[in-house]
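**Q** Structure provided below as structure tokens; questions to follow.
The values are calculated or read from the model by the stated rules, or taken from the named source; none is laboratory data. For clarity, every value in this text was computed on a predicted model and none was experimentally measured. Positions of Cβ are backbone-derived with ideal geometry, glycine not excepted, and every protein chain shown enters the neighbour counts.
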């Protein structure tokens, strides 16, 4: 239900414009399918935190069936993927999972996602392209 309230980007041009034109907020883009169960859970969480992070992040959703242009470029093979951008630059975050390009696993807590977005924002403001997640999500810890 959360995806209904989030801003959908309908074309590759809209995705590019969202990334390029945002001067001082982290652009969070959820790539996935609106009907997918994992995406529904993530969209609900994103919708619930949208107002809390509005000072430093903007949230968009992209259906990878409607806009397949980025599937190969960003290796969007997972059911639900979050990617982060700052001033037309892809922001990377080390979750301890080996994939620093995107968040492609489910989170169980809204506060964890808020902490991740805040960490990315603080690193981006300092000019850092790769930040370390406030919590490690390696399979070693059974997340």
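**Q** Specify which of the listed residues (130, 82) is surrounded by 18 or more Cβ atoms within 10 Å (Cβ to Cβ), in contact with a strand residue (DSSP E or B) (Cβ under 7 Å, 6 or more places away or on another chain) and free of Cβ contacts under 8 Å to residues at least 60 places away in the same chain. Quick ask: steps written out before the conclusion?
**A** Details: 130 fails: surrounded by 18 or more Cβ atoms within 10 Å (Cβ to Cβ).
Just one listed residue meets the conditions, 82.
**Q** Could you identify the single residue in 127, 123 that is more than 15 Å from the chain's Cα centre (by Cα) and at pLDDT 95 or above? Full working, then the answer.
**A** Details: 127 fails: at pLDDT 95 or above.
Within the list 127, 123, the selection yields 123.
**Q** Go through 64, 19 for me and flag whichever is over 23 Å from residue 118 (Cβ atoms), touching a strand residue (DSSP E or B) at 6+ places or on another chain (Cβ under 6 Å) and in contact (Cβ under 8 Å) with a residue 12 or more places away in the chain. It would help to see each step written out before you state the result.
**A** On the way: 19 fails: over 23 Å from residue 118 (Cβ atoms).
Of the residues listed, the single one that is over 23 Å from residue 118 (Cβ atoms), touching a strand residue (DSSP E or B) at 6+ places or on another chain (Cβ under 6 Å) and in contact (Cβ under 8 Å) with a residue 12 or more places away in the chain is 64.
**Q** Within the range 102-113, how many residues turn out to be under 25 Å from residue 71 (Cα atoms), surrounded by fewer than 16 Cβ atoms within 10 Å (Cβ to Cβ) and at pLDDT 90 or above? Step through it out loud before you land on a result.
**A** Restricting attention to the range 102-113, the residues satisfying the condition of being under 25 Å from residue 71 (Cα atoms) are 102-107, 113.
Adding the requirement that they be surrounded by fewer than 16 Cβ atoms within 10 Å (Cβ to Cβ) leaves 106.
Subset that is at pLDDT 90 or above: none.
Residues that pass the stated criteria total 0.
**Q** Considering each of 53, 61 in turn, give the residue that is surrounded by 17 or more Cβ atoms within 10 Å (Cβ to Cβ), over 21 Å from residue 133 (Cα atoms) and in contact with a helix residue (DSSP H, G or I) (Cβ under 9 Å, 6 or more places away or on another chain).
**A** Values: 53 fails: over 21 Å from residue 133 (Cα atoms).
Within the list 53, 61, the selection yields 61.
**Q** List the number of the failed condition for residue 42; all other conditions in (1) buried (at least 17 other Cβ atoms within 10 Å of the Cβ); (2) closer than 25 Å to residue 127 by Cα hold.
**A** Only one criterion is unmet by residue 42, namely (2).
**Q** Quick one: is residue 29 farther than 20 Å from residue 107 by Cβ, within 15 Å of the chain's Cα centre (by Cα) and touching a residue at least 12 places away in the same chain (Cβ under 8 Å)?
**A** no
**Q** So, residue 116, is that one part of a helix (DSSP H, G or I) and crowded, with 19+ Cβ neighbours inside 10 Å or not?
**A** Numbers: part of a helix (DSSP H, G or I): yes; crowded, with 19+ Cβ neighbours inside 10 Å: yes.
So residue 116 passes the test.
**Q** Residues in the range 1-23 that are part of a loop (DSSP other than H, G, I, E, B) and in contact with a helix residue (DSSP H, G or I) (Cβ under 9 Å, 6 or more places away or on another chain): how many?
**A** Within the range 1-23, the subset part of a loop (DSSP other than H, G, I, E, B) is 1, 6, 9-11, 22-23.
Checking the rest, the ones that are also in contact with a helix residue (DSSP H, G or I) (Cβ under 9 Å, 6 or more places away or on another chain) come to 1, 6, 9, 11.
Selection size over the range 1-23: 4.
**Q** For a quick check of your reading of the model, give me the residue pairs whose first member lies in the range 99-115 and is over 24 Å from residue 77 (Cα atoms), whose second is in a loop (DSSP other than H, G, I, E, B), with beta-carbon atoms closer than 8 Å and at least 6 apart or on different chains.
**A** Close Cβ pairs satisfying both conditions: 114/52; 114/53; 115/134; 115/135.
**Q** Do you know which residues across the range 38-50 are touching a residue at least 40 places away in the same chain (Cβ under 8 Å) and either in contact with a helix residue (DSSP H, G or I) (Cβ under 6 Å, 6 or more places away or on another chain) or not in a loop (DSSP other than H, G, I, E, B) (or both)? Step through it out loud before you land on a result.
**A** Of the range 38-50, the ones touching a residue at least 40 places away in the same chain (Cβ under 8 Å) are 38-39, 41-50.
Those that are touching a residue at least 40 places away in the same chain (Cβ under 8 Å) and either in contact with a helix residue (DSSP H, G or I) (Cβ under 6 Å, 6 or more places away or on another chain) or not in a loop (DSSP other than H, G, I, E, B) (or both): 38, 39, 41, 42, 43, 44, 45, 46, 47, 48, 49.
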